[in-house]
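Each remark here refers to the structure printed beneath this line.
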Amino acid sequence: MKLLKLGRKILHEKSSPYFIAEIGVNHENDISRAKKLIDLAKKGGADGVKFQSYKAEKIACKVSPYYWDIKKIPVKSQYKLFKKFDKFDFKEYEILKKYCDKLNIDFLSTPFDLDAVDYLDHLVPFFKIASADLTNFPLIERICSKNKPIVLSTGASTLHEIDKTINFIKKKNSKIKVIILHCILSYPTKYENSHLEIITNLSNKFKDNIIGLSDHSMPDQSMMVLSSAYLLGARVIEKHFSDKKGMKGNDHFHSLDYKDLRKFLNNTKIIQQIIKNKSGRPLFKQEKISRKNARRSIVTFGKIKKDIEKISKKSIEMIKKMRLCREKYENEPHICYEVLGVDYMVDEKDNVILLEFNTQVGYKKKPNKWKREFLNSQFSETVCKLFKNYKTDYNYFTKII
């Protein structure tokens, strides 16, 4: 089983997800608002809150074109948008780190340059690498030198590029654990473009890594996107978080709020209850009473006397005396078709259960060697004739009077 300590939480295949509330720059350079967002994330049940540590001039030139929905964010320059929200620095992040510690929630921030990696090192329990920097090996190399787990977003990348980056990290520091997040780098991501099947693809390709999701879709009423991702195996979930859900500008419009977060986490608790990762189809304890009382039995329908002629299609009156009905004994309906040609060795009254048939293996037409336990030896000869084509080591046949 994959096992990893991420921040304050132990992650494995059956664990609840580590949820990252991506505050990003939704604080809009206001330290009080940033604290309020941390409060709300904690209230919603987040494991960590994440900010973005960058300076506009280090990540975008002044003519860099936009890549978001211009109707939601009416700014056409990357530089202008990033410059608007890059006022937090080391001092502010130290304040927010201490505030997170008081609330027992992990402080996180994505570094976008080498200086940010260095000053965040003693503040964060692990590093998050943005999709845009998946091929930024100088930045990744600096992060590898810090000996901390890495959460890697993979938006706008190919499987070959992801594999190359994972191998680069292993080469630089083989001890580092990497969590791989499926991500679609589109703001917002339409539901039909979410491609959650890639979570399974990544799990199959990178069997030693925990897989997660960084989501940019619009939050739906039932939190189906995030819940489906968890169902598919995502154990780290990251999504933008806001105190003004749906507001135009920056990342508010595709963010969830603390109520959405609560709803999602409640969904994961239900999923944990309804899926137990069992193989095959065992007989469950809670089904035993239903199995016993709901299945059909072979019951006399009228009186049957011993030593009469064998039941056959010609003796239609005798056939009518057999029926399938619900009784407190477990019999298989297909036995009814094998009744023809059976001798009855005792007198039977109306509504007597003639046979109990409880199989855990199944019905096979080809006769083979088999063992059976008979609870009533008087009826065994008849049962042998009746079930000569059934094979299982778990069949019990009983005459009930």
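The values are calculated or read from the model by the stated rules, or taken from the named source; none is laboratory data. The shown structure was predicted, so the numbers you read here are calculated from the model rather than taken from an experiment. Heads up, the Cβs are rebuilt from the backbone with ideal geometry, glycines too, and the neighbour counts pull from every protein chain shown.
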Check whether at least one residue in the stretch 85-100 is free of Cβ contacts under 8 Å to residues at least 40 places away in the same chain and assigned to a loop (DSSP other than H, G, I, E, B), and report yes or no. yes
Among the residues of the stretch 189-207, is there at least one that is in a strand (DSSP E or B) and in contact with a Gly (Cβ under 7 Å, 6 or more places away or on another chain)? no
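Name the single residue, out of those in the stretch 246-264 being among the charged types (D, E, K, R) and modelled with pLDDT of 90 or more, that is nearest to ILE73 (Cα to Cα).
From the stretch 246-264, those among the charged types (D, E, K, R) are 248, 251, 257, 259-260, 262-263; that's our starting set.
With modelled with pLDDT of 90 or more added as a condition, the list becomes 257, 259-260, 262-263.
Details: ASP257: 19, LYS259: 24, ASP260: 22, ARG262: 27, LYS263: 27 Å.
Step by step, filter the stretch 246-264, then rank; the result is ASP257.
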List, please: which pairs have Cβ atoms under 8 Å, are six or more places apart or on different chains, and start with a residue in the stretch 60-73 that is hydrophobic (A, V, I, L, M, F, W, C) and end with one that is surrounded by 14 or more Cβ atoms within 10 Å (Cβ to Cβ) and assigned to a loop (DSSP other than H, G, I, E, B)? ILE73/TYR66; ILE73/GLY249; ILE73/ASN250
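Could we say that LYS248 is surrounded by fewer than 21 Cβ atoms within 10 Å (Cβ to Cβ) and either within 30 Å of HIS27 (Cα to Cα) or in contact (Cβ under 8 Å) with a residue 60 or more places away in the chain (or both) here? Let's see the steps before the verdict.
On the way: surrounded by fewer than 21 Cβ atoms within 10 Å (Cβ to Cβ): yes; either within 30 Å of HIS27 (Cα to Cα) or in contact (Cβ under 8 Å) with a residue 60 or more places away in the chain (or both): yes.
Answer is yes for this residue.
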Could you please let me know if ILE105 is aliphatic (A, V, I, L, M) and exposed (fewer than 13 other Cβ atoms within 10 Å of the Cβ)? no
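Being closer than 18 Å to ILE210 by Cα, aliphatic (A, V, I, L, M) and outside any helix (DSSP H, G or I) is true for just one of LEU108, LEU123, LEU152. Which residue is that?
LEU152
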Strands (runs of 3 or more DSSP E) wholly inside the stretch 1-44 that include at least 3 residues being crowded, with 23+ Cβ neighbours inside 10 Å: 18-24
How many residues are out of contact with any Gly (no Cβ under 9 Å at 6 or more places or on another chain) and part of a loop (DSSP other than H, G, I, E, B) if we restrict to the stretch 172-188? 6
Just give me the residues in the stretch 60-84 being in a loop (DSSP other than H, G, I, E, B) and surrounded by 14 or more Cβ atoms within 10 Å (Cβ to Cβ), in sequence order. ALA60, SER64, TYR66, ASP69, LYS72, ILE73, VAL75
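Residue-by-condition table, conditions (1) closer than 15 Å to ILE20 by Cβ; (2) hydroxyl-bearing (Ser, Thr, Tyr); (3) assigned by TED's automatic domain parsing to the domain that holds TYR67:
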{"residue": "ASP118", "(1), (2), (3)": "no, no, yes"}
{"residue": "SER131", "(1), (2), (3)": "yes, yes, yes"}
{"residue": "ASN136", "(1), (2), (3)": "no, no, yes"}
{"residue": "CYS144", "(1), (2), (3)": "no, no, yes"}
{"residue": "PRO149", "(1), (2), (3)": "yes, no, yes"}
{"residue": "ILE162", "(1), (2), (3)": "no, no, yes"}
{"residue": "ILE166", "(1), (2), (3)": "no, no, yes"}
Could you look through the stretch 201-225, keep only residues that are without any contact (Cβ under 8 Å) to a residue 40 or more places away in the chain and touching an Asp or Glu at 6+ places or on another chain (Cβ under 8 Å), and pick out the one that is surrounded by the fewest Cβ atoms within 10 Å (Cβ to Cβ)? VAL225
